[in-house]
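> Right, I'll just put the structure down here and ask away after.
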Amino acid sequence: MGLYKDIKNLLLGMKITGKHLGRHAVTIQYPEEKWTMPERSRGIVVLLSDKETGELNCTGCLLCMRACPSAAIRIDAPRGEDKKRHVKKFDINFGICCFCGLCEEACNFCAIRMAPKYEFSTENKDDLTWDMHKLQEMGRDVDYVDTRKKKIPKPKPAIEEKPASETKPAEVKPDTPKQEENND
Amino acid sequence: MTRDELKAYIESNFVGRMTLLESGKVEPMYEIKADDLIEVATKLRDDLELKFDFLCNMGGVDTRERLEVIYNIASTSKLHRLDFKVILGYDSPAVESICPVWPGANWYEREMYELYGIDILNHNDLRPLLLPEDWDQGHPMRKDWDAPDFVRMPEL
Amino acid sequence: MGKLRTEEFQVNMGPQHPSTHGVCRLLLTMDGEKVVDVVPHVGYLHRSIEKICENRTYAMCIPVLDRFEYVTAMSCNYVFALAAEKLAEMEVPERAEYLRVIMLELNRIASHLIFYGTTAMDVGALTPFLYGLRERELIVDLFEMTCGQRLTYNYIRVGGVSRDIPKEFVPKCREAVKIIGEKLSDYEGILNENPIWIARMKGIGLTDPQKAIAWGVSGPVLRAAGVKHDLRKDDPYSIYNKFDFDVAIRWNGDCYDRYLVRLDEIRQSLKIITQALDGLPEGDVRAKVKAKFKPPAGEVYVRIENSRGEMGVHLVSDGSTKPLRVKTRGGSFNQLQYLPEIVRGKGYLIADLVAIFATFDIILPEVDR
Amino acid sequence: MPLVLMSLELIEIFRWAYGLLAELGLPPVWVMLISYGVIGVLMFGVLALLALFLVWWERKVAGHVQQRFGPMRNGWHGWYQTIADAIKLLQKEDVDIIARDKFVFFWAPVLCFVAAFLAYICIPFGKDLIVADLNIGILYIMAVTTFTVIALLMAGWGSNNKYALFGGMRSAAQAISYEVPMVASILTVIIYAGSLSMVDIVQSQNSFFGWFICRMPFGPIAFVTYIIAATAEANRAPFDIPEAEQELVAGFNIEYSGMKFAMFFLAEFINLFTVSAIAVTLFLGGWEGPWLPSWLWFLLKTLGIVFLLMMFRWTYPRLRVDQLMEFAWKFLVPVTFANLILAATMKYLGWYW
Amino acid sequence: MGLIKKVPVYTENIPGGALVATSLEQVLNFGRAKSLWYLLFGTACCAIELMCTGASRYDFDRLGMIYRATPRQADLILTAGTITKKMAPRLRKLYDQMAEPRYVIAMGGCTINGGPFYYDSYSVEKGIDHIIPVDIYIPGCPPRPESLMEGCIHLQEVIRKQKLSDWQEK
Amino acid sequence: MSEYLSVLIFIAVGTGIVLFTFLIARLIRPRNPYPEKGVAYECAEEPIGDSWIKFNPHFYIFALIFVIFDVEVVFLFPWAVAFGQLGLFALVEMVIFILILFFGLYYAWKRGVLKWV
């Protein structure tokens, strides 16, 4: 009896593996087909630019630098004559960055964002420290909802922005209390 | 036992041996004298009302003023929990090993010995646990510890 | 044949060994194929997380603690957030609590699926490993959709969770729950009653409940030895007392029971997730937390039921923005301590040791921190 | 044209080539030497290709069982993946290991391969398609393939590594334990075939119901016990304890790199094919079959058995070393010998068909 | 031994010799690139992603990459996870024990620079390039399986560009 | 006997080809030995003690039992081949032969020899 049961269970195992043999693989064949990254994916940190002027949104407030748990962000933004900060240097070392997304949450100016991009292997360690321009370049094609308060929306981009704001209401909502608290 | 019952019970049964501290936020936190540790711990474990048979956690704390050894104990049958600590000074801190009471303390004590430099008396095996075998730079978890290649987080 | 004695010799198993799940070094004293003694050497992954946390603000600690136990990073997030909340005596919105429970339970399943896979692999069956990871991907997808990362989530924060779930989360989660529930029968069919599997697992690595408690062993390892100890029931945190679930328990305390307990736990977790999804209220997901979060001075030890046993944090605050001391506790630490006790002198073979190590489900970051 | 292909018997090519060689007017000994030499080289080529194919196939089977693909990026479904592996292994450094037994270490892979290779002298690939129909055929194969064990033991001993030593010891103990039930299962067939020659054995099962697996009731038992023992002999999971990755890291070949490792790898897959080929010859009627040419039948049947063994590997957990031994001595040996006696009795009584 | 290095030198003077040398180079490089067997070496979080990459969804085997448990047969170390000061000599040992040609991919922040453990950590090695030569760096904490595969494909491209004459340098 | 010549030729051809591939590999492979590389691999640790040790003697007991059975099998082969012509006497005799051996196996079993450890 025991033998019969054992054989039955051994065959059951074969049946299960055999069953899978006929099924289609779940594999995503990476270089040819790619997994569509969810928009919240924290692939890489980028700097966002203004949609119209093309200039960096960053105001050099250093909030992200202070929020970074691994101190991967280095900003040099001295105050100019007009008492405003001008971003001179904005380096992120991706060899230190822990991709936690705290910088994105700290930012009040839609300047820094985690973008769903991931292909950045290099042969040289120094290439992993990205400067302002590279970060900006990477952020060019990142779509975002401009929630900065100082901007007065012009009629033209407002129409374009509408569908974008509909797609990610969930993302905007939790950001709202965050901004308030940072203004304290 | 509920928290208040536990407090009352300990107050009546451990007079003068366990001092309630204010720092405990949720569970009661007591202080035990270093030389009284084993006896109190044994009693905590063996008392039929308490039955603290489970050592959750223990470790050293450096508060910049003194060293402490914290013990978090629980009971798997009575489902209550308790914290206590032993307060030590900076010069030659030492505490009795509580492995005879809770054998699970073994590695925690080894870890404490190497990271905080708190000597464990009557512990039979104080080999380094976490640090490299050839470590000679002192006790890194102390607040004033420093080493040539130790990079502090920049104040931003 | 006890008279025939041979030389005892020592073999290193690890730090780089396929079945030590990371970088544990087991120094085996062997007599032929028999393991006479085992001495674990740890610390190869000692990353000084506790020291790092002492120099970070409370918000920054959470990403660092993600790496404390990366297989169930949600639990690490949660246990620290819970400790900070207890210190600050903070209320968390109900929706956030529900989301936390969903995430914790999903992560528990993910962890147990890794356990299922690695254990099967350590015992020699290679295919279940991939089946386990295949279903884990579904859970990882959900996490990525919600918080953007696959492994280090930084999702559960002090005062709630970082973001609300996206719209498509609930249907996708239900689907994943359904699929995993269905696939469980495959998992069981391929291993549970397999005579080879039973021969390898039954009666191996017996744990004694009293000793295990004394050594601080917790979680599924303890429950497999017949101790009904589950912090979700015994010391309920979050909103676990709202859900109806059973504590998975077995009585023999061998490898096979530890394996079964974890499979049962997957079932119970699925049950909890379904209930939580059904009862998910609307509302805020995060309480108001000041930018400079400063809990009052004091100390607290909180513990939760992780997939590897009791996970706890002893958090000491001196009233500044940075914690004074973060003492973490992971289940694997005690279980690895206990491992020599059950192997020494029992005459187990290397293969048994591998099976015991696998079913203890020890992962090294929890031990080394 | 397809019909012609279907009736294509490879042996005709060899006969024609042999005829050419014989007409050259060399002394007969030379003709024989040359023809065997050429056949040996050809056989090596065939086996190398076969092993490459089997490795690829194994990876594909594993992939599909696990709902993935296996090699995909080198050619259609990665068909030249294993060729890349071979080229890679060819240019891999051969690590000089300190304090080993150099002689043993060097010759172990050679012996391992040669032992696997020698079995192919009397495996009938098709009708008349056999290198030499030795009259002790099956006994010879059994004897020769056992040398693999010595090679593995040598590898384990020569490596100066404890894990390798474990692997070598385990493989020796395993192989000798499973040799007995394997031979006993084979003997059941031999009682009926009345000959040790592989060709005779195939010819004695001339119809489907004449296949030894269909001879009730001992045939299926002998077949199953043979397959179990053969899996163990070929060091395949669930009996792959000599190289159990999770226990012994890589077992006996732990210190081997480059071409020497490749020889073990090659021998493992050749052995896999050998045991399947023997199973086909003994139990499944060898090359017998309608419509298709005989060598194709043989190949198809053998690959079927190989596939079965692969499925075993990707389904079952691994037995522990002592369980493995106990299974052999306490279960397989009694069962196979009882089966042997049963078969002999039935043969004597004439209750068979 | 080392003869292959001289092939370009010998074939220089023969007509069409360069072609032979190049095609030989290509064939050999093809073998090296397309059959990267990686050492089963994972220390921390990245090891889980490495496991996922090997699993059904991403399937490392597609790239011709299978794991070997022993360094003798491995071509590639994927340093998946933090390398601490205690582990560093062991990593060096593993690298030493690998048969050449051998390659190293530094996977994840911890191995590149110490990652989140760069500051305030007393026990983490700040970059494995102090210990062993690294070919490819993959940022991420941990890198996604796709990033890892991209890094491996990158490495394959690097290997395929190698010249016969400078093979044995590393 | 000409068939048996093939065995010799195959041994020569097989060994030759293997050595030939070794030679080819020797020509194109890199070679860079240094002392650390040659250390025996033991999970990234320095090996403790010698690896050539006195191994568990049970292994030899298995070998002994195997030898007994293998000798038996050698007797069985001609018996099996000629079984068709032999008749009842051969059958009974071989059954007795096997039973005697099995008695030995049973004895070993009971003495606990058939345990790997």
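The values are calculated or read from the model by the stated rules, or taken from the named source; none is laboratory data. If you're wondering where the values come from, they're calculated on a predicted model, not measured in any experiment. Reconstructed Cβ throughout: ideal geometry from the backbone, glycine too, with neighbour counts over all protein chains shown. The area values use the complete protein model at the heavy-atom level, side chains included, leaving out ligands, DNA and RNA. Shrake-Rupley method; radii C 1.70, N 1.55, O 1.52, S 1.80 Å.
> Take D:Phe327 and tell me if it is touching a helix residue (DSSP H, G or I) at 6+ places or on another chain (Cβ under 8 Å), surrounded by 19 or more Cβ atoms within 10 Å (Cβ to Cβ) and either within 11 Å of chain C (Cβ to nearest Cβ) or part of a helix (DSSP H, G or I) (or both). Give the steps one after another, and end with the answer.
Numbers: touching a helix residue (DSSP H, G or I) at 6+ places or on another chain (Cβ under 8 Å): no; surrounded by 19 or more Cβ atoms within 10 Å (Cβ to Cβ): yes; either within 11 Å of chain C (Cβ to nearest Cβ) or part of a helix (DSSP H, G or I) (or both): yes.
So D:Phe327 fails the test.
> Oh, and also: Across region E:83-108, what is the number of residues that are more than 17 Å from the chain's Cα centre (by Cα) and either of a type in the set (Phe, Trp, Tyr) or under 20 Å from E:Arg144 (Cβ atoms) (or both)?
Selection size over region E:83-108: 0.
> Could you list, in sequence order, all residues of region D:280-297 that are surrounded by 24 or more Cβ atoms within 10 Å (Cβ to Cβ) and at negative phi? Explain how you work it out, then say what you get.
Of all residues in region D:280-297, those surrounded by 24 or more Cβ atoms within 10 Å (Cβ to Cβ) come to D:280-287.
Hits for region D:280-297 are D:Val280, D:Thr281, D:Leu282, D:Phe283, D:Leu284, D:Trp287.
> Kindly indicate whether any position in region C:24-46 is within 19 Å of C:Gly312 (Cβ to Cβ) and among the aliphatic types (A, V, I, L, M).
yes
> In addition: Check C:Ile204, C:Ile179, C:Ile198 and return the single one that is of a type in the set (A, V, I, L, M) and either open to solvent by less than 10 Å² (accessible area, probe 1.4 Å) or not in a helix (DSSP H, G or I) (or both). First the steps, then the outcome.
On the way: C:Ile179 fails: either open to solvent by less than 10 Å² (accessible area, probe 1.4 Å) or not in a helix (DSSP H, G or I) (or both); C:Ile198 fails: either open to solvent by less than 10 Å² (accessible area, probe 1.4 Å) or not in a helix (DSSP H, G or I) (or both).
It is C:Ile204.
> Taking the condition of being buried (at least 20 other Cβ atoms within 10 Å of the Cβ), at the interface with chain F (Cβ under 9 Å from one of its Cβ atoms) and at pLDDT below 80, how many residues in region D:105-136 meet it?
Here the count works out to 2.
> In region F:17-34, which residues are under 17 Å from E:Ala99 (Cβ atoms) and facing another protein chain (nearest Cβ under 7 Å)? Full working, then the answer.
Pass one, region F:17-34, residues under 17 Å from E:Ala99 (Cβ atoms): F:21-22, F:24-34.
Across region F:17-34, the qualifying residues are F:Thr21, F:Phe22, F:Ile24, F:Ala25, F:Arg26, F:Leu27, F:Ile28, F:Arg29, F:Pro30, F:Arg31, F:Asn32, F:Pro33.
> Determine whether C:Leu87 is away from chain A (no Cβ under 12 Å) and in a helix (DSSP H, G or I).
Details: away from chain A (no Cβ under 12 Å): yes; in a helix (DSSP H, G or I): yes.
Yes, satisfied.
> So, one more: Kindly establish whether C:Ser320 is hydroxyl-bearing (Ser, Thr, Tyr), over 30 Å from C:Gly43 (Cα atoms), more than 8 Å from every other protein chain (Cβ to nearest Cβ) and out of contact with any helix residue (DSSP H, G or I) (no Cβ under 7 Å at 6 or more places or on another chain). Reasoning before the result, please.
Values: hydroxyl-bearing (Ser, Thr, Tyr): yes; over 30 Å from C:Gly43 (Cα atoms): yes; more than 8 Å from every other protein chain (Cβ to nearest Cβ): yes; out of contact with any helix residue (DSSP H, G or I) (no Cβ under 7 Å at 6 or more places or on another chain): yes.
Judged against the criteria, C:Ser320 is a match.
> Kindly indicate which of D:Asn271, D:Asn253 is away from chain C (no Cβ under 14 Å) and surrounded by fewer than 24 Cβ atoms within 10 Å (Cβ to Cβ).
Values: D:Asn253 fails: surrounded by fewer than 24 Cβ atoms within 10 Å (Cβ to Cβ).
The unique qualifying residue is D:Asn271.
> May I pose another question? Could you check region D:182-288 for helices (runs of 4 or more DSSP H) lying wholly inside it with 3 or more residues that are closer than 30 Å to F:Cys43 by Cα and small (Gly, Ala, Ser)?
Working: elements: D:198-203, D:218-233, D:245-248, D:258-283.
So the answer is D:258-283.
> Here is a check on your reading of the model: is E:Phe41 out of contact with any Pro (no Cβ under 8 Å at 6 or more places or on another chain), in contact (Cβ under 8 Å) with a residue 60 or more places away in the chain and open to solvent by less than 10 Å² (accessible area, probe 1.4 Å)?
Details: out of contact with any Pro (no Cβ under 8 Å at 6 or more places or on another chain): yes; in contact (Cβ under 8 Å) with a residue 60 or more places away in the chain: no; open to solvent by less than 10 Å² (accessible area, probe 1.4 Å): yes.
Here the answer is no, as E:Phe41 does not meet what is asked.
> Pull out all pairs, ordered by first then second residue, where Cβ-Cβ is under 6 Å, the residues are six or more apart or on different chains, the first lies in region C:78-90 and is farther than 17 Å from C:Met103 by Cβ, and the second is among the polar types (S, T, N, Q).
C:Leu87/C:Ser317
> When you check D:Arg215 against the structure, is it in contact (Cβ under 8 Å) with a residue 12 or more places away in the chain, surrounded by fewer than 24 Cβ atoms within 10 Å (Cβ to Cβ) and basic (Lys, Arg), yes or no?
Working: in contact (Cβ under 8 Å) with a residue 12 or more places away in the chain: yes; surrounded by fewer than 24 Cβ atoms within 10 Å (Cβ to Cβ): yes; basic (Lys, Arg): yes.
Taking the combined requirement at face value, the residue satisfies it.
> I'm trying to understand the selection: among the residues of region E:101-154, which are hydrophobic (A, V, I, L, M, F, W, C) and assigned to a helix (DSSP H, G or I)? First the steps, then the outcome.
Within region E:101-154, the first condition is being hydrophobic (A, V, I, L, M, F, W, C), and the residues that meet it are E:104-107, E:110, E:112, E:117, E:124, E:128, E:131-132, E:134, E:136, E:138, E:141, E:148-149, E:152-153.
Result: E:Cys110, E:Ile112, E:Phe117, E:Ile128, E:Leu148, E:Met149, E:Cys152, E:Ile153.
> Next question. Checking D:Arg320 against (1) more than 14 Å from chain C (Cβ to nearest Cβ); (2) open to solvent by 10 Å² or more (accessible area, probe 1.4 Å); (3) in contact with a strand residue (DSSP E or B) (Cβ under 8 Å, 6 or more places away or on another chain), only one condition comes out false. Which one?
Only one criterion in (1) more than 14 Å from chain C (Cβ to nearest Cβ); (2) open to solvent by 10 Å² or more (accessible area, probe 1.4 Å); (3) in contact with a strand residue (DSSP E or B) (Cβ under 8 Å, 6 or more places away or on another chain) is unmet by D:Arg320, namely (1).
> Checking C:Val36 against (1) within 7 Å of another protein chain (Cβ to nearest Cβ); (2) surrounded by fewer than 20 Cβ atoms within 10 Å (Cβ to Cβ); (3) more than 22 Å from F:Ala44 (Cβ to Cβ); (4) not hydroxyl-bearing (Ser, Thr, Tyr), which test does it fail?
C:Val36 satisfies every listed condition except (1).
> With region B:1-110 as the region, which strands (runs of 3 or more DSSP E) entirely inside it contain at least 2 residues that are farther than 28 Å from C:Lys211 by Cβ?
Numbers: elements: B:18-21, B:29-32, B:54-62, B:67-74, B:81-88, B:94-96.
So the answer is B:18-21, B:29-32, B:54-62, B:67-74, B:81-88.
> Hey, among the residues in region E:14-34 that are facing chain D (nearest Cβ under 7 Å) and of a type in the set (A, V, I, L, M), which one's farthest from E:Gln162 (Cα to Cα)?
Within region E:14-34, the subset facing chain D (nearest Cβ under 7 Å) is E:27-28, E:30-32, E:34.
Still in the list and also of a type in the set (A, V, I, L, M): E:27-28.
Numbers: E:Val27: 12, E:Leu28: 10 Å.
For region E:14-34, the residue satisfying everything is E:Val27.
> Checking C:Tyr240 against (1) hydroxyl-bearing (Ser, Thr, Tyr); (2) buried (at least 20 other Cβ atoms within 10 Å of the Cβ); (3) over 21 Å from C:Gly181 (Cβ atoms), which single condition isn't satisfied?
Of everything listed in (1) hydroxyl-bearing (Ser, Thr, Tyr); (2) buried (at least 20 other Cβ atoms within 10 Å of the Cβ); (3) over 21 Å from C:Gly181 (Cβ atoms), C:Tyr240 misses just condition (3).
> Kindly list the number of the only condition in (1) open to solvent by 40 Å² or more (accessible area, probe 1.4 Å); (2) more than 22 Å from B:Ser12 (Cβ to Cβ); (3) touching a helix residue (DSSP H, G or I) at 6+ places or on another chain (Cβ under 6 Å) that fails for B:Gly104.
(1)
> Here's another thing I want to ask about it. Within the bounds of region C:131-146, is there any residue that is within 14 Å of chain D (Cβ to nearest Cβ) and farther than 24 Å from E:Asp59 by Cα?
Narrowing region C:131-146 to residues within 14 Å of chain D (Cβ to nearest Cβ): C:131-138.
Now drop any that are not farther than 24 Å from E:Asp59 by Cα, which leaves none.
No, region C:131-146 contains no residue that is within 14 Å of chain D (Cβ to nearest Cβ) and farther than 24 Å from E:Asp59 by Cα.
> How many residues does region A:11-55 contain that are in contact with a Lys or Arg (Cβ under 9 Å, 6 or more places away or on another chain), more than 8 Å from every other protein chain (Cβ to nearest Cβ) and of a type in the set (Gly, Ala, Ser)?
Matching residues across region A:11-55 total 2.
> Hey, another quick one. For region C:182-193, enumerate the residues that are open to solvent by less than 40 Å² (accessible area, probe 1.4 Å) and either touching a residue at least 60 places away in the same chain (Cβ under 8 Å) or more than 10 Å from chain A (Cβ to nearest Cβ) (or both).
First, pick out the residues of region C:182-193 that are open to solvent by less than 40 Å² (accessible area, probe 1.4 Å): C:183-184, C:186-187, C:189-192.
C:Lys183, C:Leu184, C:Tyr187, C:Ile190, C:Leu191, C:Asn192, listed by residue number.
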